[in-house]
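Asker: Pasting a structure here, questions to come.
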Amino acid sequence: MSDPLSPLQRATKLVAGTYKGPHCVEAAALMLEVGERLGYDLEARPVSLFAVNVGTGRSVATGEYGRAFGQNFLGRYGSVTIGGELEEGTAFQRHAGHMIVVSKTHELLLDPTFAQFQQLGDLAVALFASETRLHKSGRFWHVGDEDFFARYFTADDFMELDFELVRKTAVDRAEKIVAYLNK
């Protein structure tokens, strides 16, 4: 019996290969379009992120919550190298700074552009995390293992205003990815 999530996992890798660097909004839009065509119920979520490579101690943070959590987290280990406050950019960039895709039905967190956080070293790869639910507080998702820790804080009030327009531009590319997956 085949894994019912396999096509979505493969799609996440294909979308990751399509967008290099900070194109999380475009990648999330494409993931939604691909997921819809494959029969998955997915939603894009703006998030503020803190992630750390436990082995190297290198970390990354986006948005207000990610930065604040990161400073507190790293402060316990004597290191607070998150950087200055974000004063410029859109509300999305200042308060969230990143976008992911989740599936409540399948308890998935998809981050096809996580590779943009190169300071995390080998751990900076597209994420497809299963058994991942929104914390009971409704404020964050946690992903990690002994080498890696990431917390994605909800930032739904800061959705990109043009997301639906971006999603419409992803339709043709989504159809090509689905056709490739169905070969």
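The values are calculated or read from the model by the stated rules, or taken from the named source; none is laboratory data. Computed from a prediction, not measured in an experiment: that's the story for all the values here. Don't worry about glycine lacking a Cβ; one is built from the backbone with ideal geometry, like all the others, and counts go over all protein chains shown. Note: accessible area is taken over every heavy atom of the protein model, side chains too, but ligands, DNA and RNA are not part of it. Shrake-Rupley method; radii C 1.70, N 1.55, O 1.52, S 1.80 Å.
Asker: Conditions first: (1) open to solvent by 70 Å² or more (accessible area, probe 1.4 Å); (2) within 18 Å of the chain's Cα centre (by Cα); (3) at pLDDT 95 or above; (4) of a type outside the set (A, V, I, L, M). Residue 139 passes all but one, so which condition is the exception?
Answerer: Every condition holds for residue 139 apart from (3).
Asker: Which one of the conditions (1) modelled with pLDDT of 90 or more; (2) of a type outside the set (A, V, I, L, M); (3) assigned to a loop (DSSP other than H, G, I, E, B) does residue 89 fail to meet, given that it meets all the rest?
Answerer: The number of the failed condition is (1).
Asker: A further question follows. Just the residues that are out of contact with any strand residue (DSSP E or B) (no Cβ under 9 Å at 6 or more places or on another chain) and surrounded by fewer than 22 Cβ atoms within 10 Å (Cβ to Cβ), please, taken from segment 27-49.
Answerer: Going through segment 27-49, the residues out of contact with any strand residue (DSSP E or B) (no Cβ under 9 Å at 6 or more places or on another chain) turn out to be 30, 33-34, 36-39.
Within segment 27-49, 36, 37, 38, 39 meet the criteria.
Asker: Identify, by number, the condition in (1) assigned to a helix (DSSP H, G or I); (2) out of contact with any Ser or Thr (no Cβ under 8 Å at 6 or more places or on another chain); (3) modelled with pLDDT under 90 that residue 74 doesn't meet.
Answerer: For residue 74, the failing item is (2).
Asker: For segment 4-18, which positions are crowded, with 21+ Cβ neighbours inside 10 Å and closer than 25 Å to residue 93 by Cβ?
Answerer: In the first step, residues of segment 4-18 are kept if they are crowded, with 21+ Cβ neighbours inside 10 Å; the result is 8, 11-12, 15-16.
The answer is 12, 15, 16.
Asker: In segment 114-129, which residue that is polar (S, T, N, Q) and open to solvent by 70 Å² or more (accessible area, probe 1.4 Å) is modelled with the lowest pLDDT? Break it down into steps so the answer makes sense when it comes.
Answerer: The first filter runs over segment 114-129 and keeps only residues polar (S, T, N, Q), leaving 116, 118-119.
Narrowing the set further to residues that are open to solvent by 70 Å² or more (accessible area, probe 1.4 Å) leaves 118-119.
On the way: 118: 90, 119: 87.
Per the stated criteria, the residue is 119.
Asker: Next up: Cβ-Cβ distance below 7 Å, separation of 6 or more or different chains: which pairs start in segment 171-183 with a residue that is within 12 Å of residue 29 (Cα to Cα) and end on one that is in a helix (DSSP H, G or I) and charged (D, E, K, R)?
Answerer: Every condition considered, the pairs that remain are 171/33; 174/33; 174/37.
Asker: What number of residues in segment 136-183 are under 15 Å from residue 69 (Cα atoms) and not hydrophobic (A, V, I, L, M, F, W, C)?
Answerer: Matching residues across segment 136-183 total 5.
Asker: Then there is this: Residues being surrounded by fewer than 24 Cβ atoms within 10 Å (Cβ to Cβ) and not in a strand (DSSP E or B): count how many of those fall in segment 92-113.
Answerer: The total comes to 8.
Asker: To continue, here is another question. Those residues that are open to solvent by less than 30 Å² (accessible area, probe 1.4 Å) and either acidic (Asp, Glu) or in a loop (DSSP other than H, G, I, E, B) (or both), I need them from segment 142-177; list them, please.
Answerer: 155, 170
Asker: Continuing with this model, one more query. The conditions are (1) outside any helix (DSSP H, G or I); (2) out of contact with any Leu (no Cβ under 6 Å at 6 or more places or on another chain), and residue 34 fails exactly one of them. Which is it?
Answerer: So the condition that residue 34 fails would be (1).
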